[in-house]
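Trainee: The following block contains the structure, expressed as C-alpha cells.
The values are calculated or read from the model by the stated rules, or taken from the named source; none is laboratory data. In this text the structure is predicted, and so the values were computed from the model without any measurement. Heads up, the Cβs are rebuilt from the backbone with ideal geometry, glycines too, and the neighbour counts pull from every protein chain shown.
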C-alpha cells in the first residue's frame, strides 16, 4: 500500500468540511494537485494544503492508496465521504460524518470519532479504537434508509441511536451504548458487548440486536420468544444463554433482540411468559 | 392627557397569541389591560423597565454609549470577518425581522438557528420521521371531548390556553366543561393536573416507555409487565380505552417530554401513538410552543431555506442537521467565532459551558431589555418591542398568522429590529463587496 | 439522623412567577428571589435538616450552585427537585444534546446538601464567572 | 451589463401567439418598459431570436407553491431537499429544490422553464396571510391564490337556508379579506366530515351537523360565482379523489351545474382530473375513466379541466383533501401530516413515489395523457402536474415531450407495467400536439380561463412576459427530435418578465418582484352592510381570532394588483 500522509498543521478554530479527503478524489493526483483540492474552512474556501502538510507520492490505483491523517482532526467533517476503495488511517480523533455514504474500502481511527460515523454506509469497513458519538450507521434526517451494508467495529463506547433506520450491514460495539440502539431498524445486526442504557430496538421492524451486558428494562411492546443457547453475528457464534425478545410490536416488527441472561436479573419476570420449562 | 383605548390587541408573550386584549393608554403608558393573563401583564406593565436606552460598544472591558451607525458598523465588521458566525434567537421578534435575518446569514455564510433547538426542536425532528396529525386551536374548541396535557403545564406556561382554546372554552359541539374529559400526565401533580378530570403520575425519564405501552394496548398487544413507568397496567388499559372511544381527542405535549431522556424519540412515539389512534377514531397532537413567534421563526426559515431551524448557510447552500448545526452543539464544540443574538437571552438559559463559549467570542445582541446576554456582548443595539412599539407578523402555536400592532411610540433613538437588521445587511453587503 | 446530602431527580422548568418576572427584566431583586430557588418535598427538607428559605447547594455532573430552598406549591414527590429556568439552573443543566440540539433540562441526577453559610450568586457574579477566560 | 434603455427588440423569432392567431410566423416583438408595443426606437437593445420559438410567458393555473400546507411539507422532508440544492450567486439566494422547492428557488426554476405567472392552488382563509407572506418571497413570477371555501361553515349554513345573495356577498367579503383570486372547492363537505374522522363518498351524502350535500355546495357556489361575475370559474377538486370508480363522481359534478351555463365563459373548472378519472371497483381492475370524461367535456362547453399528469419518481402529495391524504398514508405507509383548519378546511401531506412497474401508477400515467389526447378543444384542457402531487413542475418538459411526440410516449410505454399497458388506450393514440396547441394549453388558455387580459399573449398592450426556446420548428420536427425539444423547454434560451431579461439558459441574470392579483367583486352597499353585521358574531362563536385580526390589508401584498368586477347582486 502506497501512503500519502496529511499532517494537520494548525489548530482549527472553525469546522472544516472536506468531503474530498478520500481515496476517490486523491487517487491519480499529483501531490500539488492534492494540495490544491478545495475544501471549506467555515464559510471560506481554502485548499487542503493550507491546513495539512501533504507528503508521499502519487498513487494511480485506488486499491493501493492508503491515506494517513495525523493529528487531531475532530473538527474536520466528512473525511472519506462517498469513498469506494482504498484505506484511510487516522492517528488521532476524527470528526463527524466519517465515512459518510461510503461504498467500499476501509477506515481505521486510533482515537475517538464524531457522530454520524458511517452514516448511510453501503459497504466497506470502519474501525474506531476509541469511542464514537451518536447515530453510527444512521440515516439522514427524515430518510427511512440508514446503513445498507459494510461493517463498523468500535472498541470503545457509542452514543445514542446507533444503527437508526439501519437496513443491512453489521455494527459491533465493544463498549457500551446509550439509548435507542437499533432505532427504527429494518435489517442488519448490532452487537453491544457491554451495557445498553435503555430502549434497545425501539420501533424496529427487523434485524438483530445482541446485548452481551446489562440492560435495565425491555420495552413493553416487545414479547419474550424463547431462551437461546447462543447468538450469531455473521459467521461468529457467541455462547449464550440469551433471552430472545421479538418486536417492536408497535411496528408489527419481527426484529430479534438477544439479551444475555446472566446479569439481567430484572428481566427474570419474562420467564413466566415462556411455556417451556426453564 | 387624554386616554386612548385599543381593541383586539395581540399579546406578544407566549404561543397562545391571545388577540382579544383591550389596552388603555394614559400619558404614553399602559394603564389597564383587559383579558391579559399574569405573564402578559408582566410584560405590558413593565416593558419599559431595565431597557437599553442607547446602542453600546465595548472598548476595553466596559460597554460605553455609541451612535446607532457606530454600533452597526462595528457589528457589520465582526460578521463580515467571521468564518463561522451563529445568528440565534428570533423567537421574540417579527417575521419581517426573521426574513432579514435569514438573508443576513445567507449573505455572510453563517448558521441561522432559533430558540426551537432548546424548546420544541426534538418535536420537529420526530415529525420529520413520522409526520403529525394536528389542527388549528378552533377545532379543539369546537370538537374535542378528550384533551390530554402530557408534560405540559398550561396553568403556568400558557395561562389563557384552557379558557380560550381547550378545556374551559365554549365550542359549537362542546358547550360546557362537562362535555370534555381532561387528563394530565406529568411527573408531579401540577396546577394543571389539579383542575383536570384525572392525573397520571409518571416516573421521570420514562415517557417513551409509557407511550410505547399505551400504543401496544391500543393495538391489542398483550403486555408482559404489570407496571410501566410507575403506572399500573390497568390504568394504562383504562387510558387506552378512553382514547379509542373518544370522538375527537388531542394530546398537547410540552417540554416535559422534549427536554427529558429520549428527547426527539419521545415525540416520535407520541406521534406514532396518535397515528395508530387515527385508525380507530379522530386523534390529533399539538406542541405547546413557548414563545409568541417561535412558530414564525420555523416557518420563515423553512420557506426561505427549506429547513425550520439549525440551518448552516456557510457553504453557499442550506445544510441542516440538528446535533451538528444547532447552536448549543456548535458552542459546546467551540466551533463558532462570532454571534448575533436577536431578541433572546441564551447566556441565562444555555448550559453554562455553552454560555461561556458564547461570551468569549465577539457577540452582538439586539434586544429591548438589559439581559445577561447584553451584559456579555461586544455590541448592544436596543430595539423596539414587537406588538407594542412596532408592528409585525407573528405565528400562533398552531400556525395561524396574526399581525401584532403598534400602539405606543418607542423611546426616541430606539428603532425596530427590522430597521436595525436592514441597516446591518446593507453595511455587510458594502463591506463584503 | 440528618443525612448530609440527598440524591434527587432535578427538573428545571417554567413557573408562572418566573414567566412573569422574565418579562420584567432579570436584574431585579424580585427575579433573584423567585428564580434562584429550588423547590423540594417537605420530608426531604427535614431529612437535610434545613428549613424553607435557607440555602442549599445542588450539584450535578455539569456543575453546582447555591440557591434558596423552598416548598413546591405543586406537590413534589420525595426525591424530586424543581428549579425555574434561569442563570442559576444553567450551572446544573447537562449540555449533552444526544445530537438533537436539545440539552437535558429535565430529569437530571443531582445531589443536594445544606449550605446555610454559603451565599447565592448575584447576577453580576454569574456574569463574572461566564466572562472569565 | 446594464442597458440604460428600457426598450427591447426580439428579432426574427418564430412566434406562437394563439390568442392573436399567430402560428409559427417569423416576426419581431417590440417591448417598452413592461409592455409590448408596436415598435421601438433604434436605441433599443436587440435580442436575436432567429431560428428559435418565441411564446408568451407560461401561465400555470394550478400549483402548490406557497402557504402553510406547502411549508409543512418543506419542514417534513429534509431528505427531499438534501439531494437537490441551489447555490447562492451575486443575484440568486441559496435554496433547496426537488419536490417542494424553497420560495426563491421556486421563482428561479419556474423562470428557467419560461413560466412567468403561477397560481397557488389552495389558500386556507384563516392562514391566507401565511400564503401571501410566501408569495411575497417568490421572486420574478406574477401570482395569485385561490381561497378555499368548499367546506366553510358559514357558506354551508347560508346555502342550506337558500340565502344565495348573502352567500355571494360573504364570498365577495372573503376574497377581499384573504386577498384571494377565485373560489376553490376541495372535496365539498368531505373535509368537514373528516373533522370527525368520517368520509363522504358521493354527491348525495349529507354533511354531518350541516345537512347539506356536496352537490348543493357546488351548485350554490357556482351560482354565487356567476352572480359576482368573478374572472375565473369555480375551481373544483371533486369528492372521492383517488378512489377507484370516481370518474362517475367527476361527471356528476360537472353535470350538476350544466343548466346554469349561459354565454360562452365556462362556469366550472375540474382540477387535476387525472386523480379523479379512475374507473373500476378496486386497485386490481383499475382502468382509465378518461374516455368517458373526455366525451362529456367534448359535448359540454361549460367545463374546463387541467391534467394533474404524473411522472415516475419520488415526489410529495399535498392537498386540502385531508381524508384522501389519510387514505394515501394507509395505502403507502409513508409518513403523514394532517392539519384541519377550524370552520374552513383541512390539509394533508404524504411523500409518494410513482413507480413504472406499479400497475396503479402506470394506469394513472395513462389517464392523464389520455385526457390530453381525447379532449378535442385545447382551449379547455390545461397542462399541470398539480405540482408537486403528480410531479414537481421541473418535470413539465418531460410531460411536454409526451404530448408532442408519439415516439416519446412509446419510449415511456416500453418501460411501464405490462398489464397496465394492455389496459390503456394510449398505445393506439396517434394525436400529437402541435406547438401552437402546446402554447394554448400552457399559457394562452390558462390566461384566458383566469381572465387575465394582459397575460398569455404577445399582442400590443400585453405584459412583456416572453419565453424564447432554442428549438427551430422549421428545421426540426418536434415529434422526432423530442429530446432536443425537451431540453429547449427545460431551460429557456431567454425568459423576459415585465420587459426585463430574467434568465439565460439556467443562469439567473436579474431578479424582480412580481405582482399578486386578487379579485374584488363590488356588491350593493346594503347587501354588504347586512353581511358585515352578522359576520361579527359568527366570528365570536366560530373562530379563535377576532374579525379585525382576520382581514388582510391590501398593502400586505408586496405588489398588489386588484382585478375589479361588478356583481349582479
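Trainee: Restricted to the stretch B:26-54, and to residues that are under 20 Å from residue C:26 (Cβ atoms) and in contact with a helix residue (DSSP H, G or I) (Cβ under 7 Å, 6 or more places away or on another chain), which residue is farthest from the other protein chains (Cβ to nearest Cβ)?
Mentor: It comes out as B:52.
Trainee: Moving on. Identify, please: which residue in the stretch C:111-126 is under 18 Å from residue C:62 (Cα atoms) and surrounded by 20 or more Cβ atoms within 10 Å (Cβ to Cβ) and is, among those, farthest from the other protein chains (Cβ to nearest Cβ)?
Mentor: C:112
Trainee: State whether one or more residues within the stretch D:196-205 are crowded, with 21+ Cβ neighbours inside 10 Å and out of contact with any strand residue (DSSP E or B) (no Cβ under 6 Å at 6 or more places or on another chain).
Mentor: Within the stretch D:196-205, one or more residues are crowded, with 21+ Cβ neighbours inside 10 Å and out of contact with any strand residue (DSSP E or B) (no Cβ under 6 Å at 6 or more places or on another chain).
Trainee: To continue, here is another question. Check off (1) in contact with a strand residue (DSSP E or B) (Cβ under 7 Å, 6 or more places away or on another chain); (2) farther than 30 Å from residue B:122 by Cβ for residue C:131 and give me the number that stays unchecked.
Mentor: (1)
Trainee: Inside the stretch B:305-399, counting only strands (runs of 3 or more DSSP E) that do not spill past its ends, which hold 2 or more residues that are farther than 25 Å from residue C:99 by Cα?
Mentor: B:363-366, B:379-381, B:392-395
Trainee: Here are some residues: B:140, B:102, B:185. Which one is more than 7 Å from every other protein chain (Cβ to nearest Cβ), buried (at least 24 other Cβ atoms within 10 Å of the Cβ) and assigned to a strand (DSSP E or B)? Walk me through how you get there before you give the answer.
Mentor: Details: B:140 fails: assigned to a strand (DSSP E or B); B:102 fails: assigned to a strand (DSSP E or B).
When all the criteria are applied, what remains is B:185.
Trainee: Return only the number of the condition from (1) surrounded by 24 or more Cβ atoms within 10 Å (Cβ to Cβ); (2) part of a helix (DSSP H, G or I); (3) more than 14 Å from chain B (Cβ to nearest Cβ) that residue D:74 does not satisfy.
Mentor: Result: residue D:74 fails condition (3) only.
Trainee: Could you please let me know if residue B:262 is on the phi > 0 side of the Ramachandran plot, more than 14 Å from chain C (Cβ to nearest Cβ), without any contact (Cβ under 8 Å) to a residue 60 or more places away in the chain and touching a helix residue (DSSP H, G or I) at 6+ places or on another chain (Cβ under 6 Å)?
Mentor: Numbers: on the phi > 0 side of the Ramachandran plot: yes; more than 14 Å from chain C (Cβ to nearest Cβ): no; without any contact (Cβ under 8 Å) to a residue 60 or more places away in the chain: yes; touching a helix residue (DSSP H, G or I) at 6+ places or on another chain (Cβ under 6 Å): yes.
For residue B:262, the condition - on the phi > 0 side of the Ramachandran plot, more than 14 Å from chain C (Cβ to nearest Cβ), without any contact (Cβ under 8 Å) to a residue 60 or more places away in the chain and touching a helix residue (DSSP H, G or I) at 6+ places or on another chain (Cβ under 6 Å) - is not met.
Trainee: So which residues in the stretch C:52-79 are more than 9 Å from the chain's Cα centre (by Cα), at the interface with chain B (Cβ under 10 Å from one of its Cβ atoms) and part of a strand (DSSP E or B), if there are any at all?
Mentor: Correct list: C:63 only.
Trainee: Turning to a different aspect of this structure: Which residue is nearest to residue B:388 (Cα to Cα), if the candidates are limited to the stretch C:15-38 and must be in contact with a strand residue (DSSP E or B) (Cβ under 7 Å, 6 or more places away or on another chain) and surrounded by 21 or more Cβ atoms within 10 Å (Cβ to Cβ)?
Mentor: It comes out as C:18.
Trainee: If you don't mind, there's one more thing I want to ask. Is it true that residue B:241 is within 30 Å of residue B:102 (Cα to Cα), in a helix (DSSP H, G or I) and in the same structural domain as residue B:183 (by TED's automatic domain parsing)?
Mentor: Working: within 30 Å of residue B:102 (Cα to Cα): no; in a helix (DSSP H, G or I): yes; in the same structural domain as residue B:183 (by TED's automatic domain parsing): yes.
No, not satisfied.
Trainee: Something else about it: Restricting to the stretch D:109-158, what's the tally of residues that are touching a strand residue (DSSP E or B) at 6+ places or on another chain (Cβ under 7 Å), over 18 Å from residue D:515 (Cα atoms), within 14 Å of another protein chain (Cβ to nearest Cβ) and outside any helix (DSSP H, G or I)?
Mentor: Qualifying residue count for the region: 3.
Trainee: Further question: Answer yes or no: is there a residue in the stretch B:298-307 that is more than 10 Å from chain D (Cβ to nearest Cβ) and free of Cβ contacts under 8 Å to residues at least 12 places away in the same chain.
Mentor: no
Trainee: Would you check which residues across the stretch B:189-216 are in contact with a helix residue (DSSP H, G or I) (Cβ under 7 Å, 6 or more places away or on another chain), surrounded by fewer than 24 Cβ atoms within 10 Å (Cβ to Cβ) and assigned to a helix (DSSP H, G or I) and list them?
Mentor: The answer is B:191, and nothing else.
Trainee: Within the stretch D:418-429, is even one residue under 24 Å from the mean Cα position of the chain (by Cα) and either crowded, with 23+ Cβ neighbours inside 10 Å or farther than 29 Å from residue D:268 by Cβ (or both)? Even if it seems obvious, please write down each step before you answer.
Mentor: Quick first cut of the stretch D:418-429, residues under 24 Å from the mean Cα position of the chain (by Cα) only: none.
So far as the stretch D:418-429 goes, no, none of its residues is under 24 Å from the mean Cα position of the chain (by Cα) and either crowded, with 23+ Cβ neighbours inside 10 Å or farther than 29 Å from residue D:268 by Cβ (or both).
This table checks each residue for (1) closer than 26 Å to residue D:111 by Cβ; (2) more than 14 Å from chain B (Cβ to nearest Cβ); (3) buried (at least 18 other Cβ atoms within 10 Å of the Cβ); (4) at pLDDT 95 or above.
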position: D:502; (1), (2), (3), (4): yes, yes, yes, yes
position: D:506; (1), (2), (3), (4): yes, yes, no, no
position: D:528; (1), (2), (3), (4): no, yes, no, no
position: D:537; (1), (2), (3), (4): no, no, no, no
position: D:552; (1), (2), (3), (4): no, no, yes, yes
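Trainee: Would you be able to say whether some residue in the stretch B:349-368 is over 24 Å from residue D:73 (Cβ atoms) and away from chain C (no Cβ under 14 Å)?
Mentor: Start the filter on the stretch B:349-368 by keeping residues that are over 24 Å from residue D:73 (Cβ atoms), which leaves B:349-368.
With the extra rule that they be away from chain C (no Cβ under 14 Å), the set shrinks to B:364, B:366.
Checked the stretch B:349-368: at least one residue is over 24 Å from residue D:73 (Cβ atoms) and away from chain C (no Cβ under 14 Å).
Trainee: So which residues in the stretch A:42-66 are under 11 Å from residue A:4 (Cβ atoms) and out of contact with any strand residue (DSSP E or B) (no Cβ under 8 Å at 6 or more places or on another chain)?
Mentor: Matches in the stretch A:42-66: A:58 only.
Trainee: Search the stretch B:333-348 for residues being within 24 Å of residue B:293 (Cβ to Cβ) and within 12 Å of chain C (Cβ to nearest Cβ), and hand back the single one that is surrounded by the fewest Cβ atoms within 10 Å (Cβ to Cβ).
Mentor: Result: B:345.
Trainee: Tell me which of these residue B:251 doesn't satisfy, since it passes every other one: (1) in contact (Cβ under 8 Å) with a residue 60 or more places away in the chain; (2) out of contact with any strand residue (DSSP E or B) (no Cβ under 6 Å at 6 or more places or on another chain); (3) crowded, with 24+ Cβ neighbours inside 10 Å.
Mentor: Of (1) in contact (Cβ under 8 Å) with a residue 60 or more places away in the chain; (2) out of contact with any strand residue (DSSP E or B) (no Cβ under 6 Å at 6 or more places or on another chain); (3) crowded, with 24+ Cβ neighbours inside 10 Å, only one is false for residue B:251: (2).
Trainee: Just give me the residues in the stretch A:67-78 being surrounded by fewer than 20 Cβ atoms within 10 Å (Cβ to Cβ) and within 11 Å of residue A:4 (Cβ to Cβ), in sequence order.
Mentor: Answer for the stretch A:67-78, where residues must be surrounded by fewer than 20 Cβ atoms within 10 Å (Cβ to Cβ) and within 11 Å of residue A:4 (Cβ to Cβ): just A:68.
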